[in-house]
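Encoded as structure tokens, the structure appears first; notes follow it.
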Amino acid sequence: MIQVTLPDNSTREYPIGSTALDVANSISAGLARNVIAAEINGTVWDATRPIKEDVNIKLLTFNDDSGKLAFWHSSAHLMAEAIEATFPGVKLAIGPPIETGFYYDIDLEGKTIAESDLANLEKKMIELARQKNPYIRKEISKDDAIAYFTEKNDPYKLELIDGLTDGDITFYSQGNFTDLCAGPHIPDTGKIKAVKLLSIAGAYWRGDENNQQLTRIYGVSFPKAKELKEHLERLEEAKKRDHRKLGKEMELFTFSQKVGQGLPLWLPKGTILRERLERFMRDAQLKAGYDPVVTPHIASKELYVTSGHYEKYGEDSFQPIKTPNVNEEFFLKPMNCPHHCEIYKSKPRSYKELPIRYAEFGTVYRYEQSGELHGLTRVRGFTQDDAHLFCRPDQVQQEFEKVIDLVIYTFKALGFEEFTAQISLRDPEDKSKYIGSDENWDKAEAAIIDSAAKKGLNTVVEYGEAAFYGPKLDFMVKDAIGRKWQLGTIQVDYNLPERFELEYVGSDNLKHRPVMIHRAPFGSLERFIAILIEHTGGRFPLWLNPDQVIILPIGEKFHDYADKVLNLLKNDDIRAEVDYRAEKIGKKIFDAEKSKVPYILLVGEKEVLAETVSVRKPGKIDLGSMDLTDFVAKVNDEINEATVSFTN
RNA sequence: GCCGACGUAGCUCAGGGGUAGAGCGUUUCCUUGGUAAGGAAGAGGUCGUGAGUUCAAAUCUCAUCGUUGGCUCCA
């Protein structure tokens with residue numbers, strides 16, 4: 001007998017060779033139906049794999065993250081089976097589960113699969129799933145594994161096997177399909193009730209662009225049809241919120257082929273939104289002791305030779321701007337920091353001056369690969385809410401914490417309630433990728449980890465994700481429909497001060513090197529606005545919305561009164577417009593609702609006589625009649641409340 | 001940059017070797033209407049661009065530019 005310990009620390013006894021499924025069955029039939037895998041002493045196993053010793057066990061269902069992974073992994077195998085059945089002779093590469101489903105990379109050898117083939121593959125998958133074929137695990141020797149895939153003529157699997165150690169290799173089979181796979185898998189295909197194949201894309205073998213390009217099919221699957229339906233509805237919702245679609249509809253920004261790829265043009269309404277965000281950040285930064293500076297859009301090549309960016313990015317970026325003078329070259333600025341270093345150097349500094357915080361909404365230009373450009377989230381010209389803090393080594397930690405406060409203040413004010421922080425450190429395997437001394441890196445990494453801990457941030461540590469000049473802390477926010485986005489970033493930099501030979505005179509009357517902190521709570525305004533659009537679905541908070549109030553006169557007779565209301569609002573810096581069209585009130589309301597204006601005012605006979613306005617919010621919310629002055633006060637209050645000042 | 005898909009009116013999209021279509025928007029006129037679409041008439045496109053095949057190309061072929069789904073990249 002073996003002793004099995006459940007998560008609640010209760011123990012049960014089973015015959016040697018019992019499986020997690022047996023354990024589930026002994027608890028309840030309902031549980032057994034839902035169990036798809038199990039965590040055995042911390043590793044995820046097949047629910048059908050015999051257990052031969054005393055273990056801690058946690059039964060996993062689709063509701064557990066690792067249960068989902070097993071489910072989707074098994075779905076990838078099922079898709080591969082359907083593909084082999086439909087397109088005989090294709091070569092399979094890899095087919096893992098991902099956060100939102102699964103994919104399989106396939107070498108079609110010249111054949112093509114079109115989006116229109118996906119429905120048939122789905123049908124085939126469901127047909128195979130209904131056979132309730134068990135996923136069977138088999139340990140296999142390396143030689144036998146090689147023999148199998150040599151026979152099958154699959155070079156990808158052979159390459160994978162080449163990297164595995166004998167005795168450590170397993171195959172999984174279901175129905176007529178066998179794959180090299182470490183598992184774990186769900187008990188049988190019957191658990192997969194609903195499948196949707198979402199898209200076809202290209203992918204390189206092992207992610208290397210020098211390798212063979214494969215066809216990747218993405219899909220998602222669920223144990224219940226209803227869950228698939230809900231998932232597809234969420235995807236639909238995301239599509240509705242797509243900032244490229246809303247940005248066009250709401251006339252926030254546009255692109256022009258003549259201006260160039262990845263170079264957004266801000267329309268009047270988008271500019272209001274953008275400038276309001278800038279003002280918000282400017283105000284907070286003034287309170288936090290930042291000094292605004294302004295630097296030009298181009299700089300001499302020498303600046304970037306000094307900063308090291310030329311060496312690293314010179315060839316991959318916009319090419320230099322030449323002047324009539326021989327050998328004189330300028331670059332569009334890809335960064336603001338070198339300029340700020342030169343401002344720091346404009347005069348000798350004393351330790352008493354530090355920290356110095358230079359802030360600039362600096363527009364920078366980077367040559368992103370054409371395939372990477374995407375709406376406003378990935379562009380070639382964008383504006384950072386950038387700042388560089390120059391401080392003494394003993395101030396790093398404190399400054400870092402203050403920046404964290406500012407970032408959190410920003411997120412809260414903009415309605416991002418949920419966020420986590422990622423600490424990006426060096427890749428311990430390959431330190432050659434980074435510039436700067438080991439000692440400095442260690443100091444910087446420690447400062448970040450300590451500040452994050454002190455501020456109680458929910459953090460994850462990622463090795464190998466640091467910038468080449470220093471470690472960083474990135475904030476990830478969760479939006480209204482649960483998607484994660486990377487936003488603000490804070491980076492410690494011991495390298496640029498070195499390269500620019502920045503100095504200050506210490507209390508000991510000796511020269512010392514300051515430490516730099518780069519930080520941008522929004523990151524780029526373009527990207528931030530894109531995320532904000534998708535987060536709010538275009539329904540921005542009142543203080544940000546380009547139009548705050550729309551006034552709808554019921555007839556032409558009331559245009560004068562509408563103008564009076566308009567002027568009153570404008571005098572209080574409330575952004576308002578009047579719909580003067582000769583349309584019926586129903587039509588004006590319809591259009592106002594569509595335009596997402598936070599307040600809709602109706603003015604007619606009644607309102608003129610009583611000096612009131614009829615207030616309506618989008619979504620058929622009738623707030624009734626309000627005194628004109630009361631309404632102005634209400635809007636002002638609402639704006640002030642939403643933009644509480646930053647306090648140190 | 002690579003692989004696939006797409007590019008027709010301001011927007012959303014249909015069509016498809018033989019004189020270019022719809023809805024919304026826009027313009028003009030009528031209507032001055034009280035909480036989600038009033039009526040009529042009109043304007044608007046060398047079908048992304050360039051070449052080729054053809055008696056004839058928006059339609060087929062190639063190239064190119066752009067958009068897009070991924071991959072690689074991201075100071």
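Overview of values
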{"read-out": "Protection proxy ranking of A:129-141, A:8-20, A:442-454, A:315-327 - average other beta-carbon atoms within 10 Å, highest first", "value": "A:442-454, A:129-141, A:8-20, A:315-327"}
{"read-out": "Farthest positive-ward along region A:549-642 dipole, Cα basis, beta-carbon charges - from A:Ser625, A:Tyr580, A:Val549", "value": "A:Tyr580"}
{"read-out": "Note, ³J(HN,Hα) from phi for region A:169-183, Karplus 6.51, -1.76, 1.60, rounded to Hz, x at Gly and Pro", "value": "9, 10, 10, 10, 10, 8, x, 9, 10, 10, 9, 5, 6, 7, x"}
{"read-out": "Net charge dipole size for chain A [Lys, Arg +1 and Asp, Glu -1 on Cβ; Debye, nearest 20]", "value": "1500 debye"}
{"read-out": "Protection proxy ranking of A:192-202, A:215-225 - average other beta-carbon atoms within 10 Å, highest first", "value": "A:215-225, A:192-202"}
{"read-out": "Entries in A:Lys245/A:Lys634; A:Lys287/A:Lys596; A:Lys564/A:Lys594; A:Lys239/A:Lys402; A:Lys239/A:Lys594 that, when Cα-Cα distance is taken, lie over 29 Å", "value": "A:Lys245/A:Lys634; A:Lys287/A:Lys596; A:Lys239/A:Lys402"}
{"read-out": "Amide H contacts under 5 Å for A:Ser18, placed H, 5+ residues apart", "value": "A:Ile51"}
{"read-out": "GluC sites (Glu not before Pro) restricted to DSSP loop in region A:450-531 with at most 11 other C-beta within 10 Å", "value": "A:Glu501"}
{"read-out": "Nearest-20 debye value, region A:2-61 charge dipole, Cβ charges on Lys, Arg, Asp, Glu", "value": "140 debye"}
{"read-out": "Theoretical ellipticity at 222 nm over chain A - DSSP helices of four or more residues, -39500 (n - 2.57) apiece, nearest 500", "value": "-11000 deg cm²/dmol"}
{"read-out": "For chain A, with +1 on Lys and Arg beta carbons and -1 on Asp and Glu, the positive-most of A:Leu267, A:Thr489, A:Ile161 along the dipole", "value": "A:Leu267"}
{"read-out": "Under the Karplus curve 6.51 cos²θ - 1.76 cosθ + 1.60, θ = phi - 60°, whole-Hz ³J(HN,Hα) for region A:572-579, x wherever Gly or Pro sits", "value": "9, 6, 9, 7, 9, 9, 10, 8"}
{"read-out": "For region A:480-601, alpha-carbon Rg and Dmax in angstrom", "value": "25.1, 79"}
{"read-out": "Cβ-based charge dipole, region A:164-263, positive-most Cα from A:Thr254, A:Asn210, A:Gly183", "value": "A:Thr254"}
{"read-out": "Stokes-Einstein translational diffusion, region A:549-642 - Kirkwood Rh over all Cα pairs, 0.692 mPa s, 37 °C, in µm²/s", "value": "250 µm²/s"}
{"read-out": "Region A:2-61, relative contact order in percent, only Cα pairs under 8 angstrom and at least six apart counted", "value": "42 percent"}
{"read-out": "Volume per residue that the Cα convex hull of region A:380-484 spans, once the total is divided by residue count, Å³", "value": "140 Å³"}
{"read-out": "Kirkwood Rh, angstrom, region A:289-533 [1 / mean 1/r, Cα pairs]", "value": "18.9 Å"}
{"read-out": "Region A:2-61: radius of gyration over Cα atoms, expressed as a fraction of 2.2 N^0.38 Å", "value": "0.95"}
{"read-out": "Estimated vicinal HN-Hα couplings, Hz - region A:230-235 in sequence order (Karplus 6.51, -1.76, 1.60; Gly, Pro = x)", "value": "5, 4, 5, 5, 5, 5"}
{"read-out": "5 angstrom amide H check on A:Ala421, placed H, neighbours 5+ away", "value": "A:Asn458, A:Thr459, A:Val460, A:Met476"}
{"read-out": "Tail weight of P(r) past 42 Å, computed on alpha-carbon pairs of chain A, percent", "value": "44 percent"}
{"read-out": "Qualifying trypsin sites (Lys or Arg not before Pro) for region A:574-648 [loop in DSSP, other Cβ within 10 Å: at most 15]", "value": "A:Arg581, A:Lys584, A:Lys620"}
{"read-out": "Most to least packed among A:560-566, A:504-510, A:548-554, A:415-421 [average Cβ atoms within 10 Å]", "value": "A:548-554, A:560-566, A:415-421, A:504-510"}
{"read-out": "Interchain or long-range residues, amide H under 5 Å from A:Phe253's placed H", "value": "A:Leu267"}
{"read-out": "Gain in span if fully extended, A:Ile27 to A:Tyr14, counting 0.36 nm per residue against the direct Cα distance", "value": "3.5 nm"}
{"read-out": "Loop-located GluC sites (Glu not before Pro) in region A:59-121, at most 16 other Cβ atoms within 10 Å (DSSP)", "value": "A:Glu99, A:Glu109"}
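Taken together, the values in this text are just the output of simple stated rules run on the coordinates, not laboratory data. This structure is a prediction, so every number in the text was calculated from the model and none was measured. Cβ sites come from the backbone with ideal geometry, for glycine too, and all protein chains shown count toward neighbours.
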